[in-house]
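Peer 1: Got a structure for you, questions after.
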Protein chains: 2
Amino acid sequence: MNALIILAHGSRRQESNLEIKCLANEVKKISKDEYNLIDYAYLELVEPTLLQSIDNNINVGISDITVLPYFLSSGNHIARDIPAMIETATEKYPECKFKVSACIGMIENMPKLILEQARFG
Amino acid sequence: MNALIILAHGSRRQESNLEIKCLANEVKKISKDEYNLIDYAYLELVEPTLLQSIDNNINVGISDITVLPYFLSSGNHIARDIPAMIETATEKYPECKFKVSACIGMIENMPKLILEQARFG
């Protein structure tokens with residue numbers, strides 16, 4: 001069974017954290033049967049952390065996890081912190097397959113999306 | 001004449017700031033004649049600030065400015081800081097038309113984009 005974990009930074013502002021939970025629900029609605037589970041986690045400040053979310057996923061039988069960093073910029077979190085967490089998870093769960101996708105800011109058509117959002121937003 | 005200012009948070013990591021400059025260039029390439037100027041600015045940590053960018057725009061004859069907040073979450077920066085800056089700019093340049101679009105995280109098809117990025121990223 002496979003899972004997608006949307007990984008956000010985490011905020012002191014509770015509404016921002018709830019936005020991620022809602023976003024995961026929206027993704028769930030349109031994902032059909034591509035994933036058995038759509039989950040979310042936060043890198044800092046708020047739980048579930050990525051490792052907690054991975055624990056939860058493993059506990060329900062997931063063995064293939066894709067992490068989508070919901071970040072605009074590929075900074076230190078992407079370059080250093082997330083790989084370190086995935087290394088820890090891989091050591092803990094060697095049978096599980098882990099993949100980290102490029103962050104959401106790296107989507108190919110971002111310039112077009114910016115123009116559209118500026119026009120109608 | 002009109003301008004689009006892509007407003008990012010600003011980072012201590014210089015590469016992340018350069019990403020915004022590159023992004024503005026990419027937007028410029030595809031924007032055709034929708035804007036006379038595509039510019040960028042940072043909310044914190046690095047220059048040009050939004051107000052500096054607005055000054056520069058006004059100095060070259062821009063009188064219609066759209067600000068696109070390049071943020072995923074509509075936190076305090078969006079709710080409080082950016083409106084306060086726009087108020088200051090409006091007082092300084094009452095002849096200029098200012099518009100702030102919804103932040104990039106609010107794009108309608110974000111759940112679909114997340115699935116696509118997770119698949120191929």
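Peer 1: Just checking, which of A:MET85, A:MET110 is surrounded by 14 or more Cβ atoms within 10 Å (Cβ to Cβ), more than 21 Å from B:SER74 (Cα to Cα) and in contact with a helix residue (DSSP H, G or I) (Cβ under 7 Å, 6 or more places away or on another chain)?
Peer 2: Being surrounded by 14 or more Cβ atoms within 10 Å (Cβ to Cβ), more than 21 Å from B:SER74 (Cα to Cα) and in contact with a helix residue (DSSP H, G or I) (Cβ under 7 Å, 6 or more places away or on another chain) holds for just one of A:MET85, A:MET110, which is A:MET85.
Peer 1: Quick one: would you say A:PHE120 is more than 7 Å from every other protein chain (Cβ to nearest Cβ) and either touching a residue at least 60 places away in the same chain (Cβ under 8 Å) or more than 21 Å from B:ARG119 (Cα to Cα) (or both)?
Peer 2: yes
Peer 1: Within the stretch B:63-77, take every residue that is among the polar types (S, T, N, Q) and in a loop (DSSP other than H, G, I, E, B) and give me the one that is nearest to the other protein chains (Cβ to nearest Cβ).
Peer 2: Checked the stretch B:63-77; the qualifying residue nearest to the other protein chains (Cβ to nearest Cβ) is B:SER73.
Peer 1: Among B:GLU116, B:GLU19, which is the only one that is touching a Gly at 6+ places or on another chain (Cβ under 8 Å) and at negative phi?
Peer 2: From the options B:GLU116, B:GLU19, the qualifying one is B:GLU19.
Peer 1: Can you spot a residue in the stretch B:82-105 that is more than 8 Å from chain A (Cβ to nearest Cβ), hydroxyl-bearing (Ser, Thr, Tyr), part of a helix (DSSP H, G or I) and under 19 Å from the mean Cα position of the chain (by Cα)?
Peer 2: Yes - at least one qualifying residue is present in the stretch B:82-105.
None of the figures in this text is laboratory data; all of them are computed from the coordinates on show. Since the model is a prediction, treat every value here as computed from it, not as a measurement. When we count neighbours, we look across all protein chains shown, and the Cβ atoms used for this are built from the backbone with ideal geometry, even at glycine.
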